Structure formats: structure tokens, C-alpha cells
1. Would you say residue 48 is touching a residue at least 60 places away in the same chain (Cβ under 8 Å), over 27 Å from the mean Cα position of the chain (by Cα) and more than 12 Å from residue 150 (Cα to Cα)?
2. Only one residue in 83, 61, 33 is touching a residue at least 24 places away in the same chain (Cβ under 8 Å), surrounded by 23 or more Cβ atoms within 10 Å (Cβ to Cβ) and out of contact with any strand residue (DSSP E or B) (no Cβ under 6 Å at 6 or more places or on another chain). Which one?
3. Could you check, for region 3-11, whether at least one of its residues is in contact with a helix residue (DSSP H, G or I) (Cβ under 8 Å, 6 or more places away or on another chain) and at pLDDT below 95?
4. Would you say residue 99 is at pLDDT below 95 and under 25 Å from residue 163 (Cβ atoms)?
5. If we keep just the residues of region 127-148 that are in contact (Cβ under 8 Å) with a residue 40 or more places away in the chain and part of a loop (DSSP other than H, G, I, E, B), which is farthest from residue 41 (Cα to Cα)?
């Protein structure tokens, strides 16, 4: 029938529209997941930074440990700054497409990678076996935990960016 021919393009349009809605919802939830992971990483980095700062006030630290703690304070402060910028920038990623999206994605990926490097640099500062075991163990375990969360956040950001790019490529007319 002639009505059947008219219904076909309409159902195709409805199908395409609903697939687009599902894709948009998935994009949104992937961004939210990456945002949540970054927020957890930031909170852990802030807490660990405060912890390391408190340890620096401990009296009787040997000079090598004291210097490693001071370096770690700097590294964790850089990490907190990078993660804070990343959380804000990820918010912009959800609003843009094309070059705009790529710019924000690249910023977030760069900053989260830098935060992870800062965290690993802090841990590596305690590699000397002659350092005090308790201080070294306390700081290393906390910073390693932050680095693991940051690494997971980076993986989720990368996944979101990759899938967004792939989805955007499919939506090109």
C-alpha cells in the first residue's frame, strides 16, 4: 500500500533518532563516569597532599627523608592543580564537538597524565633503601593509591574521548 511506503521512511527516522538519543545518553554517562573518577582522584590527591604536609612538620626526620618529603609536597601540589584543572576542563568537553571537543580532551589528557607523573615522581623520591621505613611506607602507600585512582581516571577520560570521536565521525552528514 502507499501508506506503507510513507511509514517506512518515518520508522527509519524514528529509529535513527532513538539510536542518536541512546548514543547521546551513553556519551553523557561516560563523561559523568570520567568526571566522577577525576573528582575522586582530586579528593584523594588533596587528602594525601595534606597528609604529606603534616609529616613534613614531624621533628627528627633525617635530611634525606625530609628532602624527599619536601619534594613530594611540591609534586602533590602540582598533581592537585592539574587534577583541579582537569575536572573543570572535562565540563567543557561535554558541551563541544569537533575541534573544540578535541582541544578540551587534549588538555584533560595532558593534565591528568602530568598529575600521574607528579604522583609517580613523589613515590620515586623514596626509592633510597636507607630512608626511614615508617615515613617512607606511610607516604608511598598513600601516593600509590592516589596514582592508581588517577590512572583509572585517565583511562576513563581516554575512553570517553575515543568513543566521542568515533560517535562524532558517525554523525557526519
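1. On the way: touching a residue at least 60 places away in the same chain (Cβ under 8 Å): yes; over 27 Å from the mean Cα position of the chain (by Cα): no; more than 12 Å from residue 150 (Cα to Cα): yes.
Spelling it out, it is not the case that residue 48 is touching a residue at least 60 places away in the same chain (Cβ under 8 Å), over 27 Å from the mean Cα position of the chain (by Cα) and more than 12 Å from residue 150 (Cα to Cα).
2. Numbers: 61 fails: surrounded by 23 or more Cβ atoms within 10 Å (Cβ to Cβ); 33 fails: surrounded by 23 or more Cβ atoms within 10 Å (Cβ to Cβ).
Just one listed residue meets the conditions, 83.
3. Step one: filter region 3-11 for residues in contact with a helix residue (DSSP H, G or I) (Cβ under 8 Å, 6 or more places away or on another chain), giving none.
Checked region 3-11: no residue is in contact with a helix residue (DSSP H, G or I) (Cβ under 8 Å, 6 or more places away or on another chain) and at pLDDT below 95.
4. Yes: the conditions hold for residue 99.
5. Narrowing region 127-148 to residues in contact (Cβ under 8 Å) with a residue 40 or more places away in the chain: 128, 130-132, 135-136, 138-139, 142-143, 145-146.
Imposing the further condition that a residue be part of a loop (DSSP other than H, G, I, E, B) reduces the set to 128, 130-132.
On the way: 128: 27, 130: 30, 131: 27, 132: 27 Å.
Looking at residues that are in contact (Cβ under 8 Å) with a residue 40 or more places away in the chain and part of a loop (DSSP other than H, G, I, E, B), I get 130.
The values are calculated or read from the model by the stated rules, or taken from the named source; none is laboratory data. Quick caveat, the model's predicted, so the values are computed rather than measured. A quick note on method: Cβ atoms are made from the backbone with ideal geometry, for glycine too, and the neighbour counts reach across all protein chains shown.
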